[in-house]
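First the structure, in the form of structure tokens, and then the observations on it.
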Amino acid sequence: MTDGPPKPRSALAELTLARFRLFFREPSAMFWTFGFPVVLAVALGIAFRNRPPEAVYVAVEAGPGAEKALAALASTEVKATVEDAATARAELRVGKVSVVVVPGEPRTYRYDETRPQARLARLLVDDRLQRAEGRLDPTRVTDEHVTEPGARYIDFLVPGLLGMTLMSSSMWGIGYVIVELRTKKLVKRMLATPMRKGDFLLSFVVMRALFVLIEVPVLVAFGWLAFDVRVVGSVLLVLAVSLLGALAFAGLGLLVASRAQNTQTVGGLMNLVMMPMFVGSGVFFSSANFPEAVQPVLRALPLTALNDALRAVINEGAGAGAIARPMVILGLCGVLSFAAALKLFRWL
Amino acid sequence: MSSGATALRCSALVKRYDRAVVAVDGLDLEVPVGECFGLLGPNGAGKTTTVEILEGLLDPTAGEVEVLGMRWKTDERALRERLGVSLQETHLPDRLAVGEILTLFRSFFTRGRSPDDLLRAVSLEEKKSAWYSKLSGGQKQRLAVACALVGDPELLFLDEPTTGLDPQSRLQLWDVIEEFKKGGRTVVITTHYMDEAERLCDRVGVVDHGKLIALGTPRDLIASLGGQEVIEVTLADGPLDEAAVGKLPGVHGVRHVAGGFALAADPLHVALPALVDHLRAAGQTLERLSTRHATLEDVFVALTGRHLRD
């Protein structure tokens, strides 16, 4: 009746194995973890690919001297047309042209100075016209054009997507799954066995930790192969940062799931926690764009810490010492949220 | 039933939710080792609450619980190793295979039965690698019972194991339970199916509104009606003279049922001719007459005036 020789695996090993099986048998979970970040990277990589510098569009108001100005402007950098005053004004308003040139003495440049593109156009136009009119430059210059890998948008984006994926797969993979088990009374069923509660919770953490070893290489390899995004620093350090990040968000996921009684509640709570970080933690654009006043708040967010650390290692080749601050934030977030979750956790 | 040791005891058990709702209202029970004990009652009678308190999943508001001579407060882990539990509804993970689920549950116990042995016991060998989501209702329920048996328990709790199952699946599950009983182990089962209790249980306790209203072997409880047989009568004209019929030889009680009357009768061959003679003498015409064995359902109706499924 009782067991023969094959020694059963430990409860923790079996629970972790079950977590892995359930994950790999759930196509939507697979997509959100692996497919979605890749699709995002491809879409954004295409949208923000590096293009040759764009020409500036200029209107020259019809009148004496217009044709002469037009001839002086015509080049690959400047596309100019002659328009009557009303049309030129309308085109400026809708952004079809960046500058309207009104020939005469003095010559007038009409443009919106808050738009960088317009200021650039004004400089280019003035430069070309003054030279055509005989201005001499005191120093001869030559231009040297460079595109530095590591400074492109895609180089910025890939570590951000990695951070975002680590956050959402940890949160969903733990928060949502635990609440689902609770509503299906499976937690209760398992509590009716001698299973240790600690093993149950630990299996989620172990699963997340092991998962990082799959998730991170897949995304990093994709970034490298598809967009030539290179890891300048140590790959091991990237893994270590990712692991710490995954555990910090595992703690948050557990906290969010600790009392929720149905999956709608936990879904809402998770969006509440994650949405500010999607926007404010520098996934798609640098969080430096936000006002100085909110910077301390943004810098304390775990996803900001994770993204900063990942970018420092991947883009700039930072060592462990240089990312101590974000690592401490992640560690604290993990420890505090785990402690709170264990206090609050509702088992039945 | 004979060893004398007690598997389960509770006294003055009370469970109150939010002050107002009393789910269990002063319940005393004692189940000897080796007995199959049935808790019977309609939905909402407090059966599940009672069982979950006994299983250590709910704390009672008041009262004492002793399981296998131990207390939940001090011996939880040791108790869990020796108990098998099947909850009223368990949704096991849809995308785990039957064998994987049993292996998972087996890993929680320090000793127990091998998954293959259990699959044989519940006739699910062929479903070993099928996902839980692909099982029929009866197969799911047998797997739930297999999960309860995985620690080779001394005491097995089954909360409405056959509710919603087709007759064939119920029979299969009864076989599994009877096989378990053969080992001299203790079973506590809740049900609102009377035939299930009569077939499986050595003793039953009838619960209503959180109180135990009757306790005994199915035979004794049925005998307490005064007759093993029931005569159901519908008359074409006029009411039955209940007082006179109640005094007929072999008739031990009369009560109203939908569309007519039910008579507790024993022996049937005395009561039936007497009834027919009485009706002929009174000039009344029978529209319908049938007889059947008395069941626990009759006991419940006699005790509460309501049907179990009401």
Quiz item: Scanning for something more than 30 Å from B:Gly63 (Cα to Cα), out of contact with any strand residue (DSSP E or B) (no Cβ under 9 Å at 6 or more places or on another chain) and not charged (D, E, K, R), does segment B:289-308 turn up at least one residue?
Solution: no
Quiz item: Does B:Leu212 satisfy the condition of being farther than 30 Å from B:Ala271 by Cα and touching a Phe, Trp or Tyr at 6+ places or on another chain (Cβ under 9 Å)?
Solution: no
Self-check item: Qualifying positions in segment A:175-204 - more than 10 Å from chain B (Cβ to nearest Cβ), surrounded by fewer than 20 Cβ atoms within 10 Å (Cβ to Cβ) and of a type in the set (D, E, K, R)
Solution: A:Lys197
Quiz item: in contact (Cβ under 8 Å) with a residue 40 or more places away in the chain and exposed (fewer than 10 other Cβ atoms within 10 Å of the Cβ) - does that describe any residue in segment A:143-153?
Solution: yes
Practice problem: Would you check if there is a residue in segment A:122-139 being surrounded by 14 or more Cβ atoms within 10 Å (Cβ to Cβ), of a type in the set (A, V, I, L, M) and within 30 Å of A:Phe48 (Cα to Cα)? | Solution: yes
Quiz item: Do you know which of the residues in segment B:107-144 that are under 20 Å from B:Leu87 (Cβ atoms) and aliphatic (A, V, I, L, M) is surrounded by the most Cβ atoms within 10 Å (Cβ to Cβ)?
Solution: B:Leu118
Exercise. Working carefully through the options B:Asp166, B:Asp117, find the one that is of a type in the set (Asp, Glu), under 30 Å from B:Leu8 (Cα atoms) and at pLDDT below 95.
Key: B:Asp117
Quiz item: Checking A:Ala226 against (1) at pLDDT 90 or above; (2) within 23 Å of A:Ser168 (Cβ to Cβ); (3) of a type outside the set (Ser, Thr, Tyr), which single condition isn't satisfied?
Solution: (1)
Exercise. State whether one or more residues within segment B:39-51 are exposed (fewer than 15 other Cβ atoms within 10 Å of the Cβ), assigned by TED's automatic domain parsing to the domain that holds B:Phe180 and either at pLDDT below 90 or basic (Lys, Arg) (or both).
Key: yes
Practice problem: Assess whether B:Gly26 counts as being outside any loop (DSSP other than H, G, I, E, B), surrounded by fewer than 17 Cβ atoms within 10 Å (Cβ to Cβ), at positive phi and within 21 Å of the chain's Cα centre (by Cα). | Solution: yes
Self-check item: Where B:Ala148 falls short, out of the listed (1) touching a strand residue (DSSP E or B) at 6+ places or on another chain (Cβ under 6 Å); (2) under 12 Å from B:Gly38 (Cβ atoms); (3) not polar (S, T, N, Q)
Solution: (2)
Quiz item: Of everything in segment A:1-22 that's over 21 Å from A:Lys197 (Cα atoms) and more than 7 Å from chain B (Cβ to nearest Cβ), which residue is modelled with the lowest pLDDT?
Solution: A:Pro5
Practice problem: Please enumerate the residues belonging to segment B:223-267 that are free of Cβ contacts under 8 Å to residues at least 60 places away in the same chain, in contact with a His (Cβ under 7 Å, 6 or more places away or on another chain) and surrounded by fewer than 20 Cβ atoms within 10 Å (Cβ to Cβ). | Solution: B:Gly226, B:Ala244, B:Leu248, B:Asp266
Practice problem: Select from segment A:23-45 the residues that are without any contact (Cβ under 8 Å) to a residue 12 or more places away in the chain and within 14 Å of chain B (Cβ to nearest Cβ) and list them in ascending order. | Solution: A:Phe24, A:Arg25, A:Glu26, A:Pro27, A:Ser28, A:Met30
Quiz item: So A:Val187 fits all but one of (1) of a type in the set (Val, Ile, Thr); (2) touching a Lys or Arg at 6+ places or on another chain (Cβ under 8 Å); (3) in contact (Cβ under 8 Å) with a residue 24 or more places away in the chain; what number is the exception?
Solution: (2)
Quiz prompt | Failed item, numbered, when A:Tyr109 is tested on (1) in a strand (DSSP E or B); (2) among the hydroxyl-bearing types (Ser, Thr, Tyr); (3) farther than 21 Å from A:Glu54 by Cβ | solution = (3)
Practice problem: Give the residues of segment B:197-219 that are free of Cβ contacts under 8 Å to residues at least 60 places away in the same chain and part of a helix (DSSP H, G or I), sorted by residue number. | Solution: B:Arg199, B:Arg219
Quiz item: Do any helices (runs of 4 or more DSSP H) lying entirely in segment B:78-161 carry at least 2 residues that are within 8 Å of chain A (Cβ to nearest Cβ), and which ones are they?
Solution: B:98-106
Quiz item: Quick check, is B:Gly56 outside any helix (DSSP H, G or I) and within 14 Å of another protein chain (Cβ to nearest Cβ)?
Solution: yes
Quiz prompt | Residue within segment B:60-70 that is facing chain A (nearest Cβ under 9 Å) and either surrounded by fewer than 19 Cβ atoms within 10 Å (Cβ to Cβ) or out of contact with any Pro (no Cβ under 9 Å at 6 or more places or on another chain) (or both) present | solution = no
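The values are calculated or read from the model by the stated rules, or taken from the named source; none is laboratory data. All values reported here derive from a predicted model rather than from experimental measurement. Quick reminder, even Gly has a Cβ in these numbers, built from the backbone with ideal geometry, and neighbours come from all protein chains shown.
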